[in-house]
Amino acid sequence: MSLSLAWFIAQRYTRAKRRNRLVSFITFISFMAIALGVAVLVTVLSVMNGFERELRHGILSITSHITLTAFPPPHLQTNMKFIEQSLRETPGVESVAPYINGPAMIGQGKGMFLELHGVYPRRQVDIIRINDRMVAGDFLDLKKGTVVIGKELAQQLGLGVGDNVSLMISRGSVLNPNQVPRIRRFTVVGIFAVGVYEYDERVVFIHYNDAQDLLYGGAGVEILQVKTKDPFYARALAAQIRPRYEADFLVSDWTHRYYNLFRAVKQQKGIMFIILSLIVAVAAFSIVTSLIMVVKDKSSEIAILRTIGARPGLIMQIFIIQGFIIGVVGTLIGLVAGILLSDNIGYIVSGLEMLLQMKLLPGEVYYISHLSGEKHWNDIGNVALTAFLICLLATVYPSWKAANTKPAESLKFE
C-alpha cells in the first residue's frame, strides 16, 4: 500500500508544474544529461564493436587461418606435396596452398619497402577472398611477369592496369652480403582493396614461379597456408597439427598472429565503458540537485504528509521513485538515441568528412579507413543497468533529506 501511494505521489510530483521554474528547468536538464550520457556510451561501444568486426573480417579475408612457416627455407621441395596432401586430409581443413614470402622494394622513384607474396592465383583464391576485393583487373590473370598491387600503393605511384613497375629484391645474406640485388619489371594486371590500409599499401602479389626465381637463395620464406572450415576453430586445429610438423615448420594461427591487436581493442572498449560511465555519473549529480530543489519546493507538502501520519520511509520512497523516474526516462531516451546513432554512424561520419573536407579516420593511422557500428544487446543491457544503478544511488541523499524534514519548521511560515 505504501509503495503504491509513494509511486502515485512521485509521478504527480514529476508531472506537476513547479512554483519555481528553475526547478522545472533543472529537472529537464537532468533528463537530457542522463540521455546524452547514455546515448554517447551506447554509440561509442557500438563503434568499437563495429571497428572490431571490420578489423576481424578484413584480416580474415586477407590471411590464412593457419600458417606453417618452413625453417630454414627452402629445404622441403621434395616432400612439400606430401605434406600438403597430409594437411588436406586433416578433419576441419578446407584447402591448402603454398606461397613464398619475402621483402622487396618498388621503383618508380620512391623506393618503398614491400612484402612480396609469390602465389599460385587459382589456389590462392581458395585461401583468401582476394578476388572479391579487386577494384581493377582479375586476380586470376596473374601469371609470370605480372603483378597485382593494392589500391593505396597504386594511388601513391599513379599506377593502373597495364602499367609497368620495377621490383628490386636484395639477394644478399650473412654469408654473401655483396651479392648484387636483382631488378625485374612486371606488368600490373590487377588492383585490390581489402580495406586494411597497411595491406593495401604494402602487399604485392607475383606468380609463385617468379618468386622462386627472385626470392630463393636466402631472401624468401616458404609458407603453407591453411584455410579451415571454421576460422574460430583455427586455434584448436593448429594445436592439433603442430606436433606433426614442428620439426620442419613453425605453426601459428590467425588468432595468435593478431592476438595483441584484438586484445588491445577489447581493453580499449573496457576502458571506454568505464570513462564514459563517468559521464553518466556526472549527469546523475543533476538528479541530486533537482531532487534537493524539489524537496525544498515541496517542503510544506512533505510537512503536511508527515502531520497526517506519513512515516519517514514513505517520504523517502516518494523521492527515490521520483529520481528513478527521471533516470529511467532519461536512460530510455538515451538508449533510443544511441541505437539510432549507431545505425547511422557511417553516414554521419561521411557527412562530417564532406563538410570539414578532411578524413576523420585516416587509413595510415588506423587499420581500417571507414567506420560502422554494430549493436550488441548485452552491451546495451549493461549500459542501461549501469545508468539505472547510478541514478538510483543519486536519489539516496535527497530522499534521506526529505524524510528528515521537520513538519513544525516547514509550516512555521505557511
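The values are calculated or read from the model by the stated rules, or taken from the named source; none is laboratory data. Given the structure is predicted, the values throughout are model-derived calculations rather than measurements. Note that we place each Cβ from the backbone using ideal geometry, even for glycine, and neighbour counts take in every protein chain shown.
Side notes on the structure shown:
- Selection count where residues are of a type in the set (F, W, Y), within 15 Å of L142 (Cβ to Cβ) and not in a strand (DSSP E or B), scope the stretch 187-215: 1
- Among the conditions (1) assigned to a helix (DSSP H, G or I); (2) at pLDDT below 75; (3) among the hydrophobic types (A, V, I, L, M, F, W, C); (4) closer than 27 Å to I128 by Cβ, I26 misses just one, which is (4).
- Any hit, the stretch 224-247, residues being closer than 30 Å to T187 by Cβ and out of contact with any His (no Cβ under 9 Å at 6 or more places or on another chain): yes
- Residue list for the stretch 256-293, restricted to those being in a helix (DSSP H, G or I), over 27 Å from P398 (Cβ atoms) and touching a Leu at 6+ places or on another chain (Cβ under 9 Å): L261, F262, V265, K269, M272, F273
- Meets criteria (part of a helix (DSSP H, G or I) and at pLDDT below 70) for A408: yes
- Test for F273: is it more than 30 Å from N49 (Cα to Cα), among the aromatic types (F, W, Y) and at pLDDT 80 or above: no
- Test for D141: is it within 13 Å of H207 (Cα to Cα) and in the same structural domain as F186 (by TED's automatic domain parsing): yes
- Just so you know, in the stretch 61-83 the residues that are assigned to a helix (DSSP H, G or I) and surrounded by 18 or more Cβ atoms within 10 Å (Cβ to Cβ) include one that is modelled with the highest pLDDT, and it is I83.
- G190 free of Cβ contacts under 8 Å to residues at least 60 places away in the same chain and crowded, with 17+ Cβ neighbours inside 10 Å: yes
- Exactly one residue out of V174, V203, V165, V147 is among the aliphatic types (A, V, I, L, M), surrounded by fewer than 21 Cβ atoms within 10 Å (Cβ to Cβ) and modelled with pLDDT of 85 or more: that is V165.
- Extreme residue, modelled with the lowest pLDDT, among residues of the stretch 348-382 that are under 30 Å from V328 (Cβ atoms) and part of a helix (DSSP H, G or I): I348
- Screening L341 against (1) modelled with pLDDT under 80; (2) over 16 Å from I29 (Cα atoms) leaves a single unmet condition, (1).
- Complete set of residues in the stretch 242-255 that are part of a helix (DSSP H, G or I), under 22 Å from I62 (Cα atoms) and either at pLDDT 85 or above or touching a strand residue (DSSP E or B) at 6+ places or on another chain (Cβ under 9 Å) (or both): W254
- For I271, the test of being outside the structural domain of L389 (by TED's automatic domain parsing) and over 30 Å from I321 (Cα atoms) is failed.
- Taken over the stretch 95-130, the criterion of being closer than 17 Å to L60 by Cα, within 28 Å of the chain's Cα centre (by Cα) and surrounded by fewer than 17 Cβ atoms within 10 Å (Cβ to Cβ) is satisfied by D126, R129.
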